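The values are calculated or read from the model by the stated rules, or taken from the named source; none is laboratory data. All values reported here derive from a predicted model rather than from experimental measurement. Positions of Cβ are generated from backbone atoms using ideal geometry, with glycine treated the same way; all protein chains shown enter the neighbour counts.
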Amino acid sequence: MTSARKTLTIASLGKGFIASLVLAALITLATNWFMVREINSLNTSWAAHERSIIQKQSYVAMLRGAIGYGGMIHNFKNYLLRHDTRYLLGSHKSMLETTIVITGYRVLGVSQKEKNALDDLQNVVEEYRGAITRAEALININFPTDQIDRQVSVDDTPAMRALLGLSNAVASLRQSKAKVVSGEINALASRINVSAMGIGALLVILILALAWFLRTRLINPLGNLVAAFDR
């Protein structure tokens, strides 16, 4: 009876030990799967954010080109000086490009600062649109150039300030996202450490339990048996 009980106990221990190892392996696999999923999610989120940032930077550069030198303002001033319809058409073309880029920028999603800057840009474009229409009418009736300048003067300071604001806003977006991702990575690292410690503790407990069982059920009884034979 005692031998059967010990055999049963050893068999039970073997099954329990194997089951515990399987459980530890499953926990490890589940933890690894979760961590991989979290890392992939972070990577996807960061990649999408970077694409948006890069596109916004491209739009800001396009706005600078459409508004500044060789663009809307430059063509407008050249039209006032030279009365050449090429500059008139160039100015209208630049205004259309600016409006299209502003619309594309908004589609990406904007903060309040970006919205305000884009609104300011659009307002300046509309002011230039009205000014160039008035300038064309005055030029067609041979109005003096110096008087035309006074009639169609537009303050483009808000546009320059808006472009700077957009550049700063895009830089701030990248920094804020980097902080968020850094926080998420730190949290993920903490969870990995906790999981590793938990799995390690489970394995240590299993090893200690096995050592205790072997000592109490095998080593000590065998020692007693050897001592009995020696007597």
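The figures follow:
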item: Meets criteria (in a helix (DSSP H, G or I), at pLDDT 70 or above and either under 30 Å from E38 (Cα atoms) or charged (D, E, K, R) (or both)) for N168; result: no
item: Residue pairs meeting the criteria (Cβ under 6 Å; at least 6 apart or on separate chains; first surrounded by fewer than 20 Cβ atoms within 10 Å (Cβ to Cβ), in the range 67-79; second of a type in the set (S, T, Y)); result: N78/Y87
item: Residue pairs meeting the criteria (Cβ under 9 Å; at least 6 apart or on separate chains; first over 19 Å from P158 (Cβ atoms), in the range 127-143; second of a type in the set (S, T, Y) and crowded, with 17+ Cβ neighbours inside 10 Å); result: A135/Y79; E136/Y79; I139/Y79
item: Close pairs (9 angstrom Cβ cut-off, 6 or more residues apart or separate chains): in contact (Cβ under 8 Å) with a residue 12 or more places away in the chain in the range 15-38, in a helix (DSSP H, G or I) and aromatic (F, W, Y) anywhere; result: F17/F213
item: Meets criteria (in contact with a His (Cβ under 8 Å, 6 or more places away or on another chain) and closer than 30 Å to A131 by Cα) for G68; result: yes
item: When residues of the range 126-153 are limited to those that are of a type in the set (A, V, I, L, M) and surrounded by fewer than 16 Cβ atoms within 10 Å (Cβ to Cβ), the one nearest to E50 (Cα to Cα); result: A137
item: Residue among S58, S111 that alone is touching a residue at least 60 places away in the same chain (Cβ under 8 Å) and more than 25 Å from A137 (Cα to Cα); result: S111
item: Some residue of the range 42-55 being among the basic types (K, R) and at pLDDT 90 or above; result: no
item: Residue that is in a helix (DSSP H, G or I) and at pLDDT below 90, where the choices are A189, A137, A162; result: A189
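This table checks each residue for (1) small (G, A, S); (2) on the phi < 0 side of the Ramachandran plot; (3) at pLDDT 90 or above; (4) part of a helix (DSSP H, G or I).
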position	(1), (2), (3), (4)
T7	no, yes, no, yes
A11	yes, yes, no, yes
S58	yes, yes, yes, yes
M95	no, yes, yes, yes
